[in-house]
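I have placed the structure first, in the form of structure tokens, so that the comments after it can refer back to it.
The values are calculated or read from the model by the stated rules, or taken from the named source; none is laboratory data. Fair warning: this is a prediction, and the values are worked out from it, not measured in the lab. Don't worry about glycine lacking a Cβ; one is built from the backbone with ideal geometry, like all the others, and counts go over all protein chains shown. What goes into the accessible areas is simple: the full protein's heavy atoms, side chains included, and nothing from ligands, DNA or RNA. Shrake-Rupley method; radii C 1.70, N 1.55, O 1.52, S 1.80 Å.
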Amino acid sequence: MSEPAEQQQQLRVVVADDQAAVREPLAAVLALAEDIDVVAAASNGHEVLEAVAAGPVDVVLMDLRMPVMDGIETTRRLAERYPEVAVVVLTTFADDDSILGALGAGARGYLTKNAGRRDITRAIRAAAAGQSVLDRAVQDRLLATARAASGAKSPASPGRDLPADLTPREREVLALIGLGLPNRGIAEKLFISEATVKTHINNLFAKADIRDRSDAVRRAIEAGLA
């Protein structure tokens, strides 16, 4: 008798949006994915925290502008209390305060509501795996903000504001993280193993005092590498 096929791991997701007209259809669409189980829907930050406390939860798909407790504060509290839970922001807002606030609070992904189902499910899977996914428009906004803040007149000196002891390979890896590539994609791009990629990431995170992959994306963009 043949062995039964191995069951695909389910990602337990909370959908948070204050508008039922957005929240309910989004939850229904995500539930169509075989590997996603929408375990709760929340209309504000307090409901998100309650759902995560009842757990287990892998990913929260988070709106930013919600009553009672907004998405940034909720993300900050989740990072403090439940660091194993990944947050992907899904919002109509792509201004500097919203983007930097969410990433600074610990969000692993940031999408605008122009994102399609495929983009959202990809971001959820990436966040659950510890990776970051940023909307291209968000990356462009961060890059413009970083260049304006640094007063950069040309891209002739990429890598500024990074530790001098980062190796060229570590800078390459950071640049590719900034472009949103997962470890496997970085390995394929540089023709090295995933284990070697992980070693470079551990080293550059320690040298540059980078907290996580979202922080790495921000640093790569600020340094003009992505």
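For first residues located in region 23-35 and open to solvent by less than 30 Å² (accessible area, probe 1.4 Å), partners that are among the polar types (S, T, N, Q) and lie 6+ apart or on another chain with Cβ distances below 9 Å form the pairs L30/T121; A33/T121; D35/Q8; D35/Q9; D35/Q10; D35/T121.
The condition of being within 25 Å of G104 (Cβ to Cβ) and in contact (Cβ under 8 Å) with a residue 60 or more places away in the chain holds for only one of D209, D161, that being D161. Taken over region 106-141, the criterion of being modelled with pLDDT of 85 or more, open to solvent by less than 30 Å² (accessible area, probe 1.4 Å) and assigned to a helix (DSSP H, G or I) is satisfied by I120, T121, A123, I124, A126, A127.
Within region 44-97, being in a loop (DSSP other than H, G, I, E, B) and in contact (Cβ under 8 Å) with a residue 60 or more places away in the chain holds for one residue alone: D58. Here is a check on your reading of the model: is L176 among the aliphatic types (A, V, I, L, M) and over 15 Å from the mean Cα position of the chain (by Cα)? For L176, the condition - among the aliphatic types (A, V, I, L, M) and over 15 Å from the mean Cα position of the chain (by Cα) - is not met. The numbered conditions (1) open to solvent by less than 70 Å² (accessible area, probe 1.4 Å); (2) farther than 21 Å from G130 by Cβ are all true for H46 except (1). Please identify the pairs in which a residue from region 166-182 that is more than 18 Å from R108 (Cα to Cα) has its Cβ atom under 8 Å from the Cβ atom of a residue that is at pLDDT 85 or above and among the basic types (K, R), counting only partners at least 6 apart or on another chain. Sorted first by the residue in region 166-182, then by its partner, the pairs are L166/K207; E170/K207.
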